[in-house]
Each structure stands twice: as structure tokens, then as C-alpha cells.
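Worksheet for the structure shown next.
FYI, it's all coordinate maths here, none of it is from the lab. All of these numbers come straight from a predicted model, not from anything done at the bench. Cβ sites come from the backbone with ideal geometry, for glycine too, and all protein chains shown count toward neighbours.
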Amino acid sequence: MQSQIIKEVIAMSYAEEHVRWEGLANNQMRLWNEKEKDGQSSKPHTITRWDKAFITISRAYGARGFRIGQLVATKLNWEIYSKNIVEHIAETAKLRDQIISDFDEKKRLANLSQMIFDPSAYTADKYYRHLVQVILTLADHGRAVILGRGANFITNRNKGLHVRVTASLESRIKRYEEKERVSYRDARKKVVSMDRERADFIRHYFHQDIDDPTQYELVINVEELTNEQVADMIIHALEIKLSEKRPE
């Protein structure tokens, strides 16, 4: 009886998550459509580098990457795409078809000379192919902060800024220990496990080391910095790269 109740609770939680991510994805489609209509009905808008720019953020577990990404997106008035949203779109046929309806596969893959991917996996692995298509489409629309899922290995470095946020293992363990109120041993196990899981994902699909600093324009040790300071550093780095101040 108890096991059945647990199964029902898990099923309900999954259903709620599904509805939530689908709502977010559908909302994004609505925003894109509204922007397109506004552009057609109003005076011509001069497209700047900022309109087509994007930021990818890779993060060590416990390095506050999600909060920092949220803050960057808020400051720039951009959209943020977390791992959960990206994966949900990639795995949901209806949403994926809506998002990538204008995906010119040959053109975009050809233009991504810096993309590091396994051609055989792209052909054979459906999840991998869908993930690449979704991330490329989100980046192509611009004004996006994309968290994780190897986005820096997929997208063109010329248009975006690739960031890695990290901190010492001990500081991340301590943060998790205090936040979740667990023992040091359990906190260490969790942080090390999540770091390994993320590294394995990158190694499996991209044959790269997630901690290789040459894969990013900006690597930040956030240990002694506030979220606000890190967000401002990221935005300033993009200003320098684009040679253009961000629009007010």
C-alpha cells in the first residue's frame, strides 16, 4: 500500500513538472511570435550585436551557477534556459517541433566551425541530435542565457560568450552542507557525484574535459565574490567582446 502511494506521489510530481516546463516552453514561443509581429508592425528596428548575442554558463556543482545565470538574465532582460527546460524541449516532440520549425540543419551545422561534436553520435543518438538542434535554435534567436548541457561546445563562440563558474571543492561542500543541513560526508558525496555526472556527460557526448579553461572565454572562481559581482563581470566581458556597450 505504501509503495503504491509513493508511486502515485512520484507520478503526480512528474506530471506537475511536465506541465510547468511545457508552460515555460510554450510561453517562450508566444514571446518569439509577439516579437516577430511587433517587428513587422512597428518601425524598423536596427539589429545590434546584443540582439543576436547569447551567454552559455557551465558550472561546477555548488558554485551558484543557476543564481548567477538568473541575475545575468534579469540585468540584461534576456531569457534564461536551464538544463531542465532545454531537456524537456529536446525530449518533447510537439514542443521541439515548434521551437526548431525554422531550423536549417545543414546551414547551421556548417556555420558552427568551432562546434565540437561526434558526427556518428549526432546521426545515431536521437536525444543528442535533438539537444543540439534545440540549443542552436535558442542561441540563434539571441538574448539568451543557456545553462549547462554542453552549450559552449555546441554554439558558435563568435556570437556568444562562454563562461565557466567554479570554486574550490571544500567551499562548495561547505555551502551544500549548510544549505541542505546534511553531514560533511553526505555533502561531499553529493558534490563529488554531481561534478562527476556533469563531467561524464561532456566526455561522453563531446569527448572534452569540462574543466578545460580553453573551452571558455571567462572562467570565474566565485568563492570570494557575490552573485552581483560575478553577474557584472560576465556582462562587462560580453561588452568587451562585442565592442559595444549594452543597450539601456
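Using Cα centres only, tell me the gap between the range 204-224 and the range 137-178 in whole Å.
Answer, in whole Å: 9.
Can you list residues whose amide H is under 5 Å from SER58's amide H, if they're 5+ apart or on another chain and H is modeled 1.01 Å from N?
GLY148, VAL163, ARG164, VAL165
List the residues, sorted by chain then number, that are 5 or more residues from ILE80 or on another chain and whose placed amide H is less than 5 Å from its amide H.
VAL145
Could you calculate the contour length gain from GLU224 to HIS207, that is, 0.36 nm times the residue separation minus the distance between their Cα atoms, to one decimal place in nm?
3.0 nm
Could you tell me which of the pairs LYS179/LYS241; LYS75/LYS179; LYS75/LYS159 are separated by over 30 angstrom between their Cα atoms in the structure shown?
LYS179/LYS241
Please list, by residue number, everything in the range 152-184 whose backbone N is under 11 Å from a paramagnetic label point 7 Å out along Cα→Cβ of GLU197.
none
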